[in-house]
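Scroll down for the structure; my scribbles are underneath it.
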Amino acid sequence: MPGRLVPTLCIAGLLACATAPAAATDMARLPTTLFALLPVDVRHPESLATDPASGEVYAATFDAREPATVRKNQLLRFDAEGRLLAQRDFGATPLTGIAFRDGKLYVLNFGASKLQRLDARFTADTPIEDLATFTALTPPAPPARRIDNPDGSHDSLQFGSAGFPAINGLVFDRAGTLYVSDSFQGAIFRIANATTCKPCRVERFARDPLLATTGALPFGANGLAFNADESILYINNAGDGRVLRWRMPAGGIDVLAEGVYGADGLLFHDGLLWVSANQIDTVVALDERGRVRHRASDFLGVADDGMPRGLLFPAATVVQGRRMIVANLALPLTPAVGDEWEEDVTRWTLVAFDLPLPSP
């Protein structure tokens, strides 16, 4: 999920500051090491997936630079040790979420507004299947959001709509139903039998003002993850810096954690929610009450070879054995020159850290 516009200082209020990453300041950061270096002409790894049997790791890029004729969005395949095995060209259209399922890779083609699929052992020429197309929703905006004020009054925020389906995060449930977030329209889509349908029918599963954003980032609903028994669908709201809970199946949404600025990729593992916080260059692990339990790395500068050290705009995570791999999106966004460290990056990376042992 792109969007580096929020300052890293916690200025939104004491509650937001205390609820999430600041609560872990006395915890040791989990250090990162290099897992893979992207090819010299490939930039901005945005999403990750893995084959749990082989340990192979997949990365998709979000390269939205202009002009479109020089964009080189790629789907990359690495072996378990980070050696590049193959890459599949997607050209000008940026990619967001990817998922591995039954020997196939499912890809959200953000630029084309499509769900696509290809063989997980792909090569440069492997065919890409179109499974579903996402369209603008009607009515054009989610309902108004009520904001309660400390003096007992309240405000009402009405959201507009870009009219563009900004498909971003995705997650399968055990039955093979696929859930997809829409960051611009404040919605979650659902595709039943996503591993067997073609073409697939896209249903609107949820639309709520909490899935839209009031923050500087234009991206609302983003990363998705289920808890262990799939009774709760967790949803990151990147612009609001929130982790939300949608109670399955009938709904009912609330806030689990705030102050996680740029909450991007989301992964549930061993009872913890791992949130890629792209605006504060870290990955935090939350328990199911919203308390920070671990925090991985930080931004440590850009090396002379153009690679970021530590984390810079982390966008996604994936578990491989006893380690977690992170995609350093490192995407500069502002029109100003010289205000973002991402401008200095010339080689893009995936990094890894050892997972902490589960709590007794």
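Exactly one residue out of Val302, Val292, Val319 is surrounded by fewer than 24 Cβ atoms within 10 Å (Cβ to Cβ), in contact with a His (Cβ under 7 Å, 6 or more places away or on another chain), modelled with pLDDT of 95 or more and not hydroxyl-bearing (Ser, Thr, Tyr): that is Val319. Note on the stretch 114-145: among residues that are modelled with pLDDT of 95 or more, part of a loop (DSSP other than H, G, I, E, B) and aliphatic (A, V, I, L, M), the one that is least open to solvent (accessible area, probe 1.4 Å) is Ala120.
Any idea which residue in the stretch 190-201 is modelled with the highest pLDDT, counting only those that are open to solvent by 50 Å² or more (accessible area, probe 1.4 Å) and touching a strand residue (DSSP E or B) at 6+ places or on another chain (Cβ under 6 Å)? I'd like the intermediate steps shown before the answer.
Residues of the stretch 190-201 open to solvent by 50 Å² or more (accessible area, probe 1.4 Å): 190, 193, 196, 198-199, 201.
Restricting the remaining residues to those that are touching a strand residue (DSSP E or B) at 6+ places or on another chain (Cβ under 6 Å) gives 190, 198.
Working: Arg190: 98, Lys198: 94.
That would be Arg190.
Mind checking which residues of the stretch 223-250 are out of contact with any Ser or Thr (no Cβ under 8 Å at 6 or more places or on another chain), surrounded by fewer than 24 Cβ atoms within 10 Å (Cβ to Cβ) and not in a strand (DSSP E or B)? Correct list: Asn227, Ala228, Asp229, Glu230, Ser231, Pro249, Ala250. Only one of the listed residues (Gly111, Gly169, Gly163) is open to solvent by less than 60 Å² (accessible area, probe 1.4 Å), in contact (Cβ under 8 Å) with a residue 60 or more places away in the chain and not acidic (Asp, Glu). That residue is Gly169.
Look at (1) surrounded by fewer than 19 Cβ atoms within 10 Å (Cβ to Cβ); (2) modelled with pLDDT of 95 or more; (3) hydrophobic (A, V, I, L, M, F, W, C); (4) closer than 30 Å to Arg289 by Cβ and you find that Leu14 fails only one, number (2). The residues of the stretch 322-360 that are of a type in the set (Val, Ile, Thr) and either more than 18 Å from the chain's Cα centre (by Cα) or open to solvent by 50 Å² or more (accessible area, probe 1.4 Å) (or both), listed by number, are Thr334, Val337, Val345, Thr346.
Considering each of Gly215, Gly220 in turn, give the residue that is free of Cβ contacts under 8 Å to residues at least 40 places away in the same chain and surrounded by 16 or more Cβ atoms within 10 Å (Cβ to Cβ). Outline the logic, then answer.
Numbers: Gly215 fails: free of Cβ contacts under 8 Å to residues at least 40 places away in the same chain.
Answer to the selection: Gly220.
Mind checking whether some residue in the stretch 41-62 is within 23 Å of Ala225 (Cα to Cα), among the aliphatic types (A, V, I, L, M), in a loop (DSSP other than H, G, I, E, B) and open to solvent by 10 Å² or more (accessible area, probe 1.4 Å)? Yes: the stretch 41-62 contains one or more residues that are within 23 Å of Ala225 (Cα to Cα), among the aliphatic types (A, V, I, L, M), in a loop (DSSP other than H, G, I, E, B) and open to solvent by 10 Å² or more (accessible area, probe 1.4 Å).
The values are calculated or read from the model by the stated rules, or taken from the named source; none is laboratory data. In this text the structure is predicted, and so the values were computed from the model without any measurement. All Cβ positions, even for glycine, are placed from backbone atoms using ideal geometry, and neighbour counts span all protein chains on display. All accessible areas refer to the heavy atoms of the entire protein, side chains included, with ligands and DNA or RNA removed. Shrake-Rupley method; radii C 1.70, N 1.55, O 1.52, S 1.80 Å.
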